[in-house]
Amino acid sequence: QVQLVESGGGLVQAGGSLRLSCAASGRTISSYAMGWFRQVSGKEREFVATISWNGGYTNYEGSVKGRFTISRENAKNTVYLQMNSVQPEDTAVYYCALAQVAWSVNSGDLESWGQGTQVTVSS
């Protein structure tokens with residue numbers, strides 16, 4: 001079983017930047033897609049971004065496209081989410097997830113979730 005631990009969340013002003021990290025342990029994630037999701041209290045968890053096993057394919061939810069960048073370092077078993085030009089509506093708990101497929105977290109079942117990291121954007 002893979003364990004995922006997110007970090008890097010916090011309080012940031014609108015227009016600022018944050019970099020989230022998701023470190024995996026237990027086994028290598030290099031053959032699988034990874035992704036980021038977010039959830040606001042009382043609402044359903046929503047997709048934010050996904051990256052393929054080798055980083056060659058990425059996809060984003062519409063409202064974050066052009067502002068957020070997902071990347072990965074397989075040698076470090078880590079995935080990142082660079083968040084630029086953040087807005088108050090980006091406030092949420094952010095979760096990383098490991099897919100059971102190589103291409104996208106939207107292409108198959110998800111194997112593991114992290115515990116989440118809170119991101120709060122002040123206006």
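The values are calculated or read from the model by the stated rules, or taken from the named source; none is laboratory data. Everything numeric here is computed off the predicted structure, so don't read it as measured data. Cβ coordinates were reconstructed from backbone atoms using ideal geometry, including for glycine residues, and neighbour counts include every protein chain displayed. Note: areas computed on protein heavy atoms with side chains; ligands, DNA, RNA excluded. Shrake-Rupley method; radii C 1.70, N 1.55, O 1.52, S 1.80 Å.
Some notes on this structure:
- Residue that is most open to solvent (accessible area, probe 1.4 Å) [pool: residues in the stretch 32-46 that are farther than 20 Å from THR69 by Cα and not hydrophobic (A, V, I, L, M, F, W, C)]: GLU44
- Yes/no for ASN59 being assigned to a loop (DSSP other than H, G, I, E, B) and within 15 Å of ALA102 (Cα to Cα): no
- When we screen THR120, THR58, THR69 for residues that are open to solvent by 40 Å² or more (accessible area, probe 1.4 Å), under 19 Å from GLY16 (Cβ atoms) and without any contact (Cβ under 8 Å) to a residue 40 or more places away in the chain, the only hit is THR69.
- Subset of the stretch 11-30 that is of a type in the set (A, V, I, L, M) and in a loop (DSSP other than H, G, I, E, B) - its residue that is farthest from TRP113 (Cα to Cα): ALA14
- Pick from the stretch 6-26, criterion aliphatic (A, V, I, L, M) and farther than 21 Å from SER123 by Cβ, ranking: least open to solvent (accessible area, probe 1.4 Å): ALA24
- Of the residues making up the stretch 77-97, just one is crowded, with 19+ Cβ neighbours inside 10 Å, touching a residue at least 60 places away in the same chain (Cβ under 8 Å) and farther than 16 Å from SER7 by Cβ, namely VAL86.
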